[in-house]
Amino acid sequence: MKAIKAEILSIGNELLAGITINTNAAYIAKQLHSIGIEVQRITVIADQTEEILQALAGAQQRTQVVICTGGLGPTPDDITKQALCRFFDVPLEFEPTVFEDVQRFLNHRRISLNQVNREQAVIPKCDLVLHNHRGTAPGLHFKRYNTHFFFLPGVPGEVRHLMQKDVLALLAEFYRLKPITTRLLRTTGIPESRLIDKIGDLLEQYRQFRLAFLPRFRGVDLRFTLPQDAEQERKTFEEFVASVKNRLQKYIFTEEEKELEEALGEILKGKGLTLSVAESFTGGLLGDLITNVPGSSAYFLGGAVTYSNASKMQLLRVKQQTLQTFGAVSQETVLEMARGVQNFFKSDCAIATTGIAGPGGATAQKPVGLCYIAARFKDKERVKKFQFGADRIMNKQRGAIAGLELLRRLILNIE
C-alpha cells in the first residue's frame, strides 16, 4: 500500500513569538505515526489570512491529509474561519448542534452565555462537524479532491480530545488503514550513548527494522516499528525486541506509555506498600510527581520539604553532629533524612533528596549539581551520589526521577 502523507499546520502568532510551545504538532505527529501515516512537513504560520491560504494551497498539492490547529476561537485575532470560507468557497452558517454543545459546556461550568459564545456556533459550511466536548470551538472536516482537511482548535486538551474521538478513526476508515506494529521500551538511568554501546551489535544484526532512540530528561525511549509491508518478518521482529529487552533489562521500567512515577506506584500498590518522602533540593517535586498519579493516596502517606538544617533536625531528627561533620549535602545526612521520614509516617518505603541545585551554594568540594539520594524499603536502604549539571530546574527534575528509580530498583532487588 502506498504511504499516506500528511502535513501539520499550526496557526498562531504566539507560536512564532516563542510565547507558546507547539506541543500540538508533536502530539498529532505521534498519533498519525501510530496509525501508519507519515508526516512530511510541520509548518507554523501567523494569524494572517494570506499566510493561511498559501499554506493550505501548498499542503493540498503535496499531501493527502492536512491537520491544522488554532485560530478557531472568538477573539479578533482568530481568523481561521474566515480564511476557510475563502479557501473552500463556502459561507458561514449557524449550526444548532454546535450551539447546543456550547450551551452544555458553559452550563456545566456555571458560566452565563453571551454573544461571543454564540458566535462559536457560526462556522464555515463543512463536510463534517467534529463536536468538541472540552471547549466551545468545534473541529471541522473538509474533503477536496484527494485531500482530507481537519481544522482543530489550538487548546492542547481539545486537540487531544478531537484526535482521539474523531480524527484518527475517520482517517483509518477513509484509507482502510491497518494498525501499525510498534513496541516501546522506556528506560531511565542510562544515557543514549551507553545504550547504543550495549546493543550496537543487535542494531547491525536486525538492521531491517526501525529502532528510534528518543531521549527525554527522564530517560531514553526505544521505539521499534515493524513496517506494514514486512508482516512476514514479525517473528524476527519480536526476536529483535526481546534481545534488546534482555540486554537492557535493569534500565527498563515499562513497556507502555506511562511515566516512572506511575510504574513505581503500580509496584507499591501491587505489593501493598506505603511511601513517604523527605526533600531538600527537589523542593516538593517528588511529592508532586507521585501525587500526579490517580489513586496515589492508596500508597503515598505524605512528605516533608526540609530545606533548612533546622527543619531537617526538627522534623526528621537529623543529628546536629551529622550536619556539622558531613554537611547537609552528604550521604550521611540523606540517609538520616530517609530514616526520619520513614519513622515519622510509619511507611514501608521512603525516598530522601539533598543537593546543590545551583547556581549558588557550591564549594570547591561540593560543586553545583552534586546531590545525594537515599531510598529505604523496610530496613533495607540504598544511597547514591549524583553529579548533575548547572541548570537549577533540570537538576531538581533529574533528582526527583533518580529518587523514584532508586526506590524501584531497591524494591525489585535490581543493582
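Excluding same-chain residues fewer than 8 positions from residue 5, which lysines have a Cα within less than 29 Å of its Cα? Of all the lysines, those that pass the test against residue 5 - Cα under 29 Å, at least 8 places apart if same chain - are 30, 81, 125, 143, 165, 178, 235, 258.
Taking Lys and Arg as +1 and Asp and Glu as -1, the other residues whose beta-carbon sits under 13 Å from that of residue 147 total +2.
On the range 316-415, 51 percent of the accessible area sits on carbon and sulfur atoms, based on a 1.4 Å probe. Computed with the Debye formula from one identical point scatterer per Cα of the range 79-159, without solvent, the log10 of I(q)/I(0) at q = 0.15, 0.18, 0.27 Å⁻¹ comes to -0.53, -0.74, -1.42. Rounded to two decimals, the Cα-based Rg/Rh of the range 244-315, with Kirkwood Rh, is 1.08. Its alpha carbons give the chain an Rg and a Dmax of 26.1, 79 Å. Sparsely packed loop sites in the range 123-203 (the trypsin sites (Lys or Arg not before Pro) outside DSSP H, G, I, E and B with at most 11 other Cβ atoms within 10 Å) comprise 176. Angle of helix 96-108 to the longest C-alpha principal axis of the chain, folded into 0 to 90 degrees and rounded to 10: 30°. With a cut-off of 17 Å on the backbone N, the residues of the range 27-53 near the modelled label site 7 Å out from residue 89 along Cα-Cβ are 53.
Surface composition of the range 129-241: carbon plus sulfur atoms hold 50% of the accessible area, using a 1.4 angstrom probe and ignoring ligands, DNA and RNA.
Positive contributions from Lys and Arg (+1) and negative ones from Asp and Glu (-1), summed over other residues with Cβ under 15 Å from the Cβ of residue 319, come out at +1.
Using a simple spin-label model with pseudo-atoms 7 Å out from Cα toward Cβ, residue 413 and residue 298 lie 2.5 nm apart. Taking Lys and Arg as +1 and Asp and Glu as -1, the other residues whose beta-carbon sits under 15 Å from that of residue 283 total +1. Ignoring aspartates and glutamates fewer than eight residues from residue 384 along the same chain, the ones with Cα atoms less than 20 angstrom from its Cα are 261, 279, 332, 336, 348, 405, 415. With respect to the chain, whose longest principal axis is taken over its alpha-carbon atoms, helix 234-247 is tilted by about 30°. Once the convex hull of the C-alpha atoms of the range 7-100 is built, how many Å³ does it hold per residue, rounded to a whole number? It comes to 127 Å³ per residue, whole-number rounded.
What's the angle, to the nearest 10 degrees (0 to 90), between helix 192-205's Cα axis and the longest principal axis of the chain? The helix 192-205 is inclined about 60 degrees to the chain.
Listed by chain and number, the lysines whose alpha-carbon sits under 20 Å from that of residue 385, ignoring those within fewer than 8 places in the same chain, are 250, 312, 366, 396. Could you work out the helix-only [θ] at 222 nm for the chain, with each DSSP H run of four or more residues adding -39,500 (n - 2.57) and the total divided by the number of residues, to the nearest 500 deg cm²/dmol? That calculation yields -12000 deg cm²/dmol at 222 nm. Accessible area per residue for the chain, computed on protein heavy atoms with a 1.4 Å probe, is 49 Å².
Rounded to the nearest 20 debye, the dipole size of the chain about its Cα centre is 1420 debye, using +1 on the Cβ of Lys and Arg and -1 on the Cβ of Asp and Glu.
The values are calculated or read from the model by the stated rules, or taken from the named source; none is laboratory data. Since we're looking at a predicted model, the values are computed, not measured. Positions of Cβ are backbone-derived with ideal geometry, glycine not excepted, and every protein chain shown enters the neighbour counts. What goes into the accessible areas is simple: the full protein's heavy atoms, side chains included, and nothing from ligands, DNA or RNA. Shrake-Rupley method; radii C 1.70, N 1.55, O 1.52, S 1.80 Å.
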